[in-house]
Amino acid sequence: MTGGDGVTVLVTGSFSVPADNIRWLRANAPEIAAVELVVDRDQLCTRASAAGRAVGIVDAATPELPALAERFGTVAVGGILAVTANPADDHVVGLFARGVTGVVLTSSPAEELVTAIRGVASGHWFAPPRYLSALAETVVRNPRGPRARHLRELLTERELEVLLLLAAGRANQEIADALGISVTTVRSHVLSILRKLNVPNRTVAAICAYRSGLAGV
């Protein structure tokens, strides 16, 4: 596998990630073993198979995206990260129904791109925070079920408040304003939530909240 336990990022020729973002990934994400450009879907899957753990970055308009996502999943650990210029909620949510593991916008900063790569490489969904509410409408919720009870037992009352605001797509500053606490305290609560839920990022934490039924009721 390329780079030992690192993840190989494969960018298709049909979509160009800005060179500045690629340089930022190489400089700030040591777990990324390599960033490679590939010419088509066949080479994408061939290189993913050789790498073992990989994230394929593709244009959301890639033909036969569901078939590509399925094939990719059979040859490597990781998944497909789609990049789109269309910010509409139904479009972004629809990409997950087509088999991708993560979605970022063409305007997403490099920091968000690397967070997405980390999540997808671990097999977790990723979407920008603004889409969490719309994405969560695709899961079944039961606010009195075992998942809800587990979250109530696992998290403090304040952490639950932060989690529900996070699940609503609020940024740290918005959460701080809503709860009358500092942004630093919000960050501390978010890190504690991620650790207790054993999830890699805010997207997966929000999905946990919706699946439990506590969010969106």
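Structure summary
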| quantity | calculated |
| --- | --- |
| Test for LEU25: is it outside any strand (DSSP E or B), touching a Ser or Thr at 6+ places or on another chain (Cβ under 7 Å) and not acidic (Asp, Glu) | no |
| Matching entry among LEU135, LEU105, LEU95, LEU81 (being over 11 Å from the mean Cα position of the chain (by Cα) and at pLDDT 90 or above) | LEU105 |
| Selected residue (only one of ALA54, ALA85 is touching a Leu at 6+ places or on another chain (Cβ under 9 Å), surrounded by fewer than 16 Cβ atoms within 10 Å (Cβ to Cβ) and among the aliphatic types (A, V, I, L, M)) | ALA85 |
| Residue count, the range 64-89 (criterion: in a loop (DSSP other than H, G, I, E, B) and touching an Asp or Glu at 6+ places or on another chain (Cβ under 7 Å)) | 0 |
| Contacts under 9 angstrom Cβ, first residue in the range 114-137 being within 14 Å of THR8 (Cα to Cα) and in a helix (DSSP H, G or I), partner open to solvent by 50 Å² or more (accessible area, probe 1.4 Å) and among the charged types (D, E, K, R), 6 or more apart | ILE117/GLU31; ARG118/GLU31; ALA121/GLU31; ALA121/ARG53 |
| Single match in THR46, THR2, THR8 (criterion: outside any helix (DSSP H, G or I), farther than 25 Å from GLY94 by Cα and at pLDDT 90 or above) | THR8 |
| Any hit, the range 99-107, residues being in a helix (DSSP H, G or I) and surrounded by 18 or more Cβ atoms within 10 Å (Cβ to Cβ) | no |
| Qualifying residue in the range 70-79 (condition: open to solvent by 10 Å² or more (accessible area, probe 1.4 Å), closer than 23 Å to ASP42 by Cβ and touching a residue at least 60 places away in the same chain (Cβ under 8 Å)) | yes |
| Any chance LEU165 is surrounded by fewer than 19 Cβ atoms within 10 Å (Cβ to Cβ), among the hydrophobic types (A, V, I, L, M, F, W, C) and modelled with pLDDT of 90 or more | no |
| Pairs where the first residue, in the range 25-46, is within 22 Å of ALA110 (Cα to Cα) and the second is of a type in the set (D, E, K, R) and open to solvent by less than 70 Å² (accessible area, probe 1.4 Å), C-beta under 9 Å, 6+ apart | ALA33/ARG53; GLU36/ARG47; VAL38/ARG47 |
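Let's see how each residue does on (1) part of a helix (DSSP H, G or I); (2) farther than 24 Å from ARG149 by Cβ:
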| position | (1), (2) |
| --- | --- |
| GLN173 | yes, yes |
| ASP177 | yes, yes |
| VAL186 | yes, yes |
| HIS189 | yes, no |
| SER192 | yes, no |
| VAL204 | yes, no |
| TYR210 | yes, no |
| LEU214 | no, no |
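The values are calculated or read from the model by the stated rules, or taken from the named source; none is laboratory data. Values in this document were obtained by computation on a predicted structure and should not be read as measured data. With ideal geometry, Cβ positions are generated from the backbone for all residues, glycine too; neighbour counts draw on all protein chains shown. Side chains included, ligands, DNA and RNA excluded: accessible areas come from the protein's heavy atoms. Shrake-Rupley method; radii C 1.70, N 1.55, O 1.52, S 1.80 Å.
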